[in-house]
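Comments concern the structure below.
Readers should treat all values here as calculations from the given coordinates under stated rules, not as data from a laboratory. In this text, all values refer to a predicted model and were calculated from it rather than measured experimentally. Using ideal geometry, Cβ is built from the backbone for each residue, glycine included, and neighbour counts are taken over all protein chains shown.
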Amino acid sequence: MKGSLKAVITGTGSYLPDQIVTNDDLAKQVDTNDEWIRTRTGIRERRVLAEDLATSDMCIEAARKALEDAGIAAADLDLIIVGTVTSDMLFPSTACLVQHRLEALKAAAFDVSAGCTGFLYGLVTAAQFLETGMYRTALVIGADTLSRVIDWSDRSTCVLFGDGAGAVVLEAVSNTDYGILGSYLGADGSGAHLLNLPGGGSRCPATRDSVEKGLHHLRMEGKEVFKFAVKTMGEAALHVLKECGLSQEDVDFLIPHQANLRIVDAALKRLELPSDRVYTNLEKYGNMSSASVPVALDEAARLGKFQKGNLLLLIAFGAGLTWGGVALRWAK
Ligand code: COA
């Protein structure tokens, strides 16, 4: 059956919290300034989720918009995958909470943990179910509430991240030129120490000591992650294009993970793409982890940036270490 069925994005949606935290706001809390943050990262402000909400609440909002955009009822979903590293609880999965609240009663549901590559890992996984004919309709969400795990007194990390959620509806379509053309996923666990959250799991459960030592906060070796990102973003993009028999000139839009404008610029340079072929929004939202790619996709789509038949290249990197790329022909 594979070959005759493709996974096609038929709807997108996103949710951004209302509360805006500017660089100047952060400069009142830690020893930083707007100029440093802007020149090193491209970020001007980020969103922070209200205290009484959690990741699944953002997922629901993004999902409802994506379902409406696709004209699909939640009851028709066969599968829900959430890419996240900040699930509401360690278990059950956030996807199960979303499945219940959407009343998507026949959908299987699970989370994918692949750091900031979580949405792409989820998208590729869902596509396999559709391409084999096992399922017809899937909802893939990328959502993270990193504000809950950031050390707000650490200037080297607290300025980088923000909260948000993005979602897509994927449908299996036969004999079409549109949809996902190819993908590539990479992982290298030897870099696990470069970006992680040590506390709260089975190796280091929550104790008074673990809290006092700050082990429940995100830790990152920024310089090393930067080098890894610059290398893998370009590599992932070229790998996918080669797999699809395409070249850089065929790319109409690059939708990269939005962690740092300098990393995006390096990917553009490696791909020899002009800056009008990339969509970025990190100046408004910072690095939203799994949500970055689907939020950018949704925003660009709603702004009318894409034409039917455009070749889109989605690329990301993140904790794990992980990285990946997806090439797709826009169908809307
Ligand atoms: N404000 C002001 N100064 C800061 C600062 C801040 N928010 N954060 C760090 N600094 C200081 C450092 O302490 C250092 O000072 P020193 O030279 O006196 O030691 C100086 O700025 C330079 O720091 P450095 O780490 O060399 O900056 P950088 O150019 O490497 O940029 C990052 C730092 C984090 C922006 C960059 O490394 C990066 O983007 N890394 C990738 C992060 C990423 O993508 N993570 C997500 C993965 S999904």
#### Entry: Hydrodynamic radius of the stretch 152-256 per Kirkwood, over alpha carbon pairs, in Å
17.8 Å
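Kirkwood hydrodynamic radius, the chain, all distinct C-alpha pairs: what's the number in Å?
When all Cα pairs of the chain are included, the Kirkwood radius is 19.7 Å.
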### Query
Once the piece of chain linking residue 75 and residue 224 is laid out straight, how much longer is it, given 0.36 nm per residue of separation minus the C-alpha distance between them?
49.2 nm
### Calculated Rg and Dmax of the stretch 22-72 using C-alpha coordinates, Å
16.4, 48
### Message
Let's see if you can work this out: charge +1 on each Lys and Arg Cβ, -1 on each Asp and Glu Cβ, no other charges. What is the dipole magnitude of the stretch 5-177 about its Cα centre, in debye to the nearest 20?
### Response
300 debye
### Task
Under 1.5 on a/c is rounded, so check that first for the stretch 233-318, then, if it is not, pick prolate when a/b is larger than b/c and oblate when it is not; a ≥ b ≥ c are the square roots of the alpha carbon gyration tensor eigenvalues.
oblate
### Task
Return the long-range amide H neighbours of residue 112 (sequence gap of 5 or more, or a different chain), with a cut-off of under 5 Å between placed amide H atoms.
82, 83, 84
### Relative contact order (%) - the chain, alpha-carbon pairs under 8 angstrom, separation at least six
26 percent
### Peptides 315-324, 42-51 ordered by average Cβ neighbours within 10 Å, highest first
315-324, 42-51
### Task
Step through the table entries 106/332; 284/308; 231/269; 6/308; 284/332, compare each Cα-Cα distance with 19 Å, and write down the pairs that go over it.
106/332; 284/308; 284/332
### Query
What is the set of long-range amide H partners of residue 133 at a cut-off below 5 Å, with H atoms built 1.01 Å from backbone N?
none
### Reach of residue 305 by Cα under 15 Å, taken over aspartates and glutamates that are not fewer than 8 positions away in the same chain
252, 276
## Note on the structure
Full extension between residue 310 and residue 262 adds, at 0.36 nm per residue less the Cα distance, a length in nm of 14.7 nm
### Task
On a 0 to 90° scale, report how tilted helix 292-302 is relative to the longest principal axis of the chain, with both axes built from alpha carbons and the result rounded to the nearest 10.
50 degrees
### Query
What area, in nm² and to one decimal, does the C-alpha convex hull of the stretch 180-329 cast on average over all directions?
9.9 nm²
### Query
Could you give the dipole magnitude of the chain about its Cα centre, charging the beta-carbon of Lys and Arg +1 and that of Asp and Glu -1, in debye to the nearest 20?
540 debye
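How would you rank 208-216, 158-166, highest first, on the average number of other Cβ atoms within 10 Å across their residues?
Numbers: 208-216: 12.4, 158-166: 27.4.
Ranked by mean Cβ neighbours within 10 Å, highest first: 158-166, 208-216.
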